[in-house]
Every structure is written in structure tokens, then in C-alpha cells.
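Enquirer: Can you read through this structure? Questions will come right after.
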Amino acid sequence: MNAQRTDIGAAPFKLAKFLSWGSLALILASGLFLSVIMANYARQTLLTKQQEFAHLLAENINHQVFQRFTVPTLLRFRHIELSNPEQYRQLENVIRETIHGQHVFEFRIYDNEEVVSFSLNKDVVGRRDLAGAAVRQAFNKLEHSFEVISRVPPWQAMFDFDMQPKSVVLRMVYPLRTERSLFPGGPSGQTMGILEFTQDITDDYKTVISFQWLIIFTAIVSSLVLFLVLLAMIHKADELNAQRVAEREKLERELHQAEKLASMGRVVAGIAHEIRNPLGIIQSSAEFLLKKASTEQSPSSTRMLEVMNDEIRRLGQTVNDFLDYARPKNPRMEKVDIGSVLGQAVAFLEHECRERGVAVVKDVPEGLLVRGDKDLLYRAVYNIIGNALQAVADGGKVSVVARPIQRGVRVAITDNGPGFSEEVLEKATDPFYTTKHNGTGLGLAIVTNILASHNADFQLENAESGGARVVIVFPAA
């Protein structure tokens, strides 16, 4: 029954844990996905900016070529002929000055027949096989175009932290035009050729990759922190749930034990009640026979009757213990000097202490008032001090200390005996549990009931210097 209740109670929390772990996985996946999207967007933005810079560079080249080469050359030579070394050097100077610092490593100008008419690499001048589809499209549609060429795949570039120069390049194709008419009344914007140059953008691409890793790392770390926070919350909730389940199981066991003890108590009370009356008659008869045997001076009969009378009294005390446990007395709540009660209990046991050489040290100030039943409290402390005396060897020591505290009065009874074992600490207050050969196991159980009826805290522990200690904390009177 208990296991079934535990499973039912734990099932909703297991579902909550599953949903929490699923949410964490979703957070991690979505964070990584968003970081990849942001990183790709950053890369695309960089490429767009590079294309804009390349377009500005192409326009600047067009302007510089027209202003510093085309117009002066026409004025001087009447026509442009790049086979002329002087014109070629003049154009080369203009181009190199314009592209200086722009990471351009390839530069070509194609004429109307798609022949390389100018290049920074003179070995390719005059070739017809270098013009690609972008050059032909520029001739046909007079539109510029871009092409990003990467010698490293994008996924591999993410893990290549030492990319070589020219690993990623941007190629620009741009129609060279006249900015104004070359002669009065002539047209402007005539195509002079097709410009093609290639820029090395590897460094900028590496910067983007570093930014991508920063975004991914930040997303993973933030998701991981959230994961750890939620994991700690789940772990704490799991501990609280396990604690609640353990407390519920403990309460169920205690309730079950209380039900059994209540049933047992009713049976014991009935049996003890039935025994008590005949036992009283037997005790009265034994006392009468003992007195008669004493007057007749019969030693053998007297000794036998004394033993019988002692056993009858012991059995009567056992019956009273059963009845006291099964039917606890309601205390009369009045102000009681607990120091006086402790003194009476120590004084009653003084004879036994002298016989065994046990020293009882009492440190109890006057005027420590608590609310309770003086007779019941005397029985409780007498039982505890008596147990302490039985626990110590001859010549041992028992201390009784009482002190006022903020929430009431604290009484500590300590002995220098062997102390409590783990098993005894767990079961000492259970009814019918005893370590004595002739005990009923109801002494501490009755003490527990008495102190509970007085709202007092009762604790068994081992003293730091050895031996056992019983601590009672009474609420303030």
C-alpha cells in the first residue's frame, strides 16, 4: 500500500522532470540554432559590405582612369593605344595608385572583343580565353557583378584558425564608361572596356568567423548557465519531494505503529485490569501470612513468604506500568518547582547511591518554575535518574543540571556509563523495548508520554566526554 502511494505521488514529479529536461534540450537546440543564424547573417552582412566597397573602388578606378588617363591621353596622342609603352605605363601608374592598400592582386581590362588589353600581370595581356560569363554579361547588359570565391568550404573554414592568404577572394566585374562627352556634342557614358579585379578578403572573413564563434560560444554558455540553474532547481525540488515522501512514509509507519500500540494497549489494559484485583487479594493474603509466620518464628516459612511477597509487589508494579502506559493520566497543570522535584528524586535514591559509591552531582538553582503535574513529573525524573544509576558502574558519577533558558527550563541528566548504542537511540522510547533482563520496556515509554503531555522536548544523546545524556526542555511557566 505504501509503495503504491509513493509511486502515485512521485509520478507527477517524474513527468515534471521529463518536461524540464525536454525544455532544457529545446533551449540548447534553439540557442545553437539562433546563434548559427546570427553568425550567418553577420557573414552575409560582411560580404555585402565588401561588395559595396568593391563597387566604390570600381567607381573610383573608373573616375581616376577617365580623369588622369583617358582625357590627358586623348589630348596628347589623339587616340588611346595601350601598345604604346608610355600610355601603358601611364595607365599602370594610375591603377596602382588607386588600388594601393585595397588588397587587389589581380587587375584586368578587357576591350570590346573580350581581349585582355591591360593587366598588372603583363604575361596575360592579349589573351582571349580569360573572359568569363560575367565579362560577357557586362558587355551585353552593361551591369556590374560580384563573385565570392572560397578555396575552403564554409564548414571547414569554421575550424580553420590559420587560413592562408587568398583563401577567400571577391571578384568584381565593372563596365568602364566615359563620365562625359569626349568631343563637343558627342555622347557620354560610352563603354571603354570591362574592368575586372580580384580582392583578397581572407582577413575580413577570418574576423567574421571569429565573430561567429563568439556568438556560438555566448549562446552555448548562456544556455548552459540556464541549464545549470534549472538543473539545480530540479535537483532541489527532487530533494524536497524525496523528503516529503520520506516524511509521509514515516508518518504512515508511525500511524500504523500507533494503531498497533493502541490495540495492544487496550488488550494489555484489559488483561492488567483482570489481573490487578486477584493480585491485590493474593498480596493481602501473602502479607497476612508473612506477619503470622513472623510471630510463630518459623524462619523457613518466613523467608519463603518474604520472597513471595517481593515478587507479588514486583508483579503489581508491572501491572501498574501496563495500566499507566495504556491509560495515561491527564496532568493537573499548575506551577511546579522543578528543582524541588529533582531534589526529591535524588534524595529517594540516595541510599542506593551510598551503597554503590555513586556520586550524584546536583546543580539546580532555586525558583525554576514550570507548569505541570508534580507527581507525574516526579515519576518521570525518578525513572530517568534511576536508569542513569543503573547504567554506571560502582563508584560512577551522575550529574543533574538545570538552567533557565530563553524558551523555558533545560534539565540535563548525564552519567559516565557506556552511553547509548545506535540501536538503543533509535528504539529506547519504543514500548516493550528493553535491554534489562527483568524490565518491561515501558519505563521510557511512560516517561515520553508524561513529558509529551507537558509539552516538553525529550532527547536522548551521548555526552561529548562519554556516557549518556538525557535532555528535557520545559516550556516557560
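The values are calculated or read from the model by the stated rules, or taken from the named source; none is laboratory data. Computed from a predicted structure; not experimentally measured. Don't worry about glycine lacking a Cβ; one is built from the backbone with ideal geometry, like all the others, and counts go over all protein chains shown. Surface accessibility is based on the protein's heavy atoms, side chains included, excluding ligands, DNA and RNA. Shrake-Rupley method; radii C 1.70, N 1.55, O 1.52, S 1.80 Å.
Enquirer: Can you give the accessible area of GLU334, probe radius 1.4 Å, in Å² rounded to 10?
Expert: Probe radius 1.4 Å; accessible area of GLU334 about 90 Å².
Enquirer: Among VAL370, VAL71, what's the order by accessible area (1.4 angstrom probe), most exposed first? Please list the in-between numbers first.
Expert: Details: VAL370 0, VAL71 35 Å².
Sorted by accessible area, descending: VAL71, VAL370.
Enquirer: On the protein heavy atoms, probe 1.4 angstrom, tell me the percent of accessible surface of the stretch 352-401 carried by carbon and sulfur.
Expert: Carbon and sulfur atoms account for 48 percent of the accessible area of the stretch 352-401.
Enquirer: Hey, any idea what % of the stretch 17-154's accessible area is carbon plus sulfur with a 1.4 Å probe?
Expert: Values: 4630 of 8390 Å².
Carbon and sulfur: 55 percent of the exposed surface of the stretch 17-154.
Enquirer: Just subtract the alpha-carbon distance of PHE159 and ARG244 from 0.36 nm times their residue separation and send over the number in nm, one decimal.
Expert: Gain on stretching PHE159 to ARG244: 25.6 nm.
Enquirer: Which length gain, in nm to one decimal place, applies between VAL221 and GLU97 when the Cα-Cα distance is subtracted from 0.36 nm times their residue separation?
Expert: 39.9 nm
Enquirer: Per residue, how many Å² of accessible area does the stretch 161-234 show with a 1.4 Å probe?
Expert: Roughly 51 Å² per residue, with all protein chains present.
Enquirer: I'd like the accessible area for LYS397: 1.4 Å probe, protein heavy atoms, all chains in place, Å² to the nearest 10.
Expert: 110
Enquirer: Right, here's the next one. Considering only protein heavy atoms, what is the solvent-accessible area of GLU426 at a probe of 1.4 Å, reported in Å² to the nearest 10?
Expert: Accessible area, nearest 10 Å²: 130 Å².
Enquirer: I've got another one for you. Determine which residues of the stretch 195-232 fall in the zone a paramagnetic label at ALA29 would reach in this model, i.e. backbone nitrogen under 17 Å from the point 7 Å along Cα→Cβ.
Expert: Backbone N within reach: 220, 223-224, 227.
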